[in-house]
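Some notes on the structure that comes next.
The values are calculated or read from the model by the stated rules, or taken from the named source; none is laboratory data. Since this is a predicted model, take the numbers as computed values, not measurements. Cβ atoms come from the backbone with ideal geometry, glycine included; neighbour counts cover every protein chain shown.
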Amino acid sequence: MEAVMSFRATSRVSFQAVSSLNNRPKFTSSGMSLPISRTLMVEQKCRIRAQQSDSKDGSATLSTVGDSEGDALKIKEWEVARLQDEIAASQGIRIRRRPPTGPPLHYVGPFEFPLQNEGNTPCNILEEIVWNKDVEVSQRKERRPLSVLKKALENAPPARDFIGALREANLRTGLPGLIAEVKKASPSRGVLRENFDPVEIARAYEKGGAACLSVLTDEKYFQGSFENLEAIRSAGIKCPLLCKEFIIDAWQIYYARSKGADAILLIAAVLPDLDIRYMTQICKMLGLAALVEVHDEREMDRVLGIDGIELIGINNRDLGTFEVDISNTKKLLEGERGEMIRQKDIIVVGESGLFTPADIAYVQQAGVKAVLVGESIVKQSDPTKGITGLFGKDISF
């Protein structure tokens, strides 16, 4: 019996040893550390959940000690991940960070451990992207640890004022500042532009009056890359650059900055409040702007409750069905929400479904001061003229 250990004993592993949380400071809306009692409460819940993982008849309470500390740590990480999913669900987040699987059977020795693995099929395309991104980021982090990235930042080009560029464009033209998207493909539309030269497209956007550029970096679903982002920055494009990536880990923010990004995207449908607070703090430390994207009233209310938010994007696309309705922008900016946004001087960016001057006028009247547009201009043979057609006038310098 010395070769076996109680599964419950794994809950004694220090909560601070969990690698997924070890480097994550905990912020409140004021930026201060969370009380120690909160950490202890989370740790206690993890212990309880570990104990509840036993089978009803107690047959799965023992596991082989072969590498007890390593096994215990992996099980603890799994338990913490489950707790994180519970917190996200309590905030209305339906996108699961990873498939709902448990520890591999290897970690429970000779005893069969009853895993509840139903629902391992993504519920929509966003969840599928996030699951794929979780694996991708884990692999990238192994190749380039955070310590290496931090050293790379010493040689990164300086961050430029993304928000300032949008404000300046809005004042100059009297129209929403344009974030023009360098985008080759999307899951819903397929390839948007066959002869895709990211630097050439970026230059055409800048010539047409874009205030900033958004560069898709996801490879599997959007055929983008960080190489495109780096190439555009290295080509001397003056427009500040938004790294359009599915951020699920702070490592990605450092990586984007090392490639020349001036801003990053945070999606409220994916990230719990604590992650958004933590990641916006990192952005400020690195000089990056954070565009926090919302899709519905609950997400908007969550984001408005976080101090320090300066830039909110309203995506008119339903992330489950991919249907687009630009009236979503107006709905989210009516009443008290709109008043709070004005009081906090937050710039709102309209996203998706914008193809005509009438569309731009509609969202501007609703209260946006910037728009993020990709499909309607990147598909044009001359993206510069595409911008003029989108706004109904020449907005170039």
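Details
- Of all residue pairs spaced 6 or more apart or on separate chains, those with beta-carbon atoms under 7 Å, a first member in segment 244-258 that is among the small types (Gly, Ala, Ser) and a second member that is surrounded by fewer than 24 Cβ atoms within 10 Å (Cβ to Cβ) and modelled with pLDDT under 95 are Ser258/Leu149; Ser258/Ala152; Ser258/Leu153; Ser258/Ala156.
- Any helices (runs of 4 or more DSSP H) falling wholly within segment 63-159 and containing at least 2 residues that are of a type in the set (D, E, K, R) and at pLDDT 85 or above: 125-143, 146-152
- Considered as a group, the residues in segment 182-220 that are of a type in the set (D, E, K, R) and under 19 Å from the mean Cα position of the chain (by Cα) include one that is farthest from Ala263 (Cα to Cα), and that residue is Lys220.
- Some residue of segment 214-235 being in contact with a Pro (Cβ under 8 Å, 6 or more places away or on another chain) and basic (Lys, Arg): yes
- Qualifying positions in segment 353-397 - modelled with pLDDT under 95, under 25 Å from Ala290 (Cα atoms) and of a type in the set (S, T, N, Q): Ser376
- In the set (1) touching a residue at least 40 places away in the same chain (Cβ under 8 Å); (2) closer than 28 Å to Glu310 by Cα; (3) within 21 Å of the chain's Cα centre (by Cα), Thr173 fails one condition alone, (3).
- On inspection, Phe355 passes the criterion of being surrounded by fewer than 17 Cβ atoms within 10 Å (Cβ to Cβ), outside any helix (DSSP H, G or I), assigned by TED's automatic domain parsing to the domain that holds Ser186 and out of contact with any strand residue (DSSP E or B) (no Cβ under 8 Å at 6 or more places or on another chain).
- Among (1) of a type outside the set (Asp, Glu); (2) part of a loop (DSSP other than H, G, I, E, B); (3) closer than 25 Å to Leu319 by Cα, the one test that Leu178 misses: (2)
- Within segment 367-384, not a single residue is in a loop (DSSP other than H, G, I, E, B) and either among the aromatic types (Phe, Trp, Tyr) or not assigned by TED's automatic domain parsing to the domain that holds Ile201 (or both).
- Within segment 147-184, the set of residues being among the hydrophobic types (A, V, I, L, M, F, W, C), exposed (fewer than 14 other Cβ atoms within 10 Å of the Cβ) and more than 30 Å from Val373 (Cβ to Cβ) comprises Val148, Leu153.
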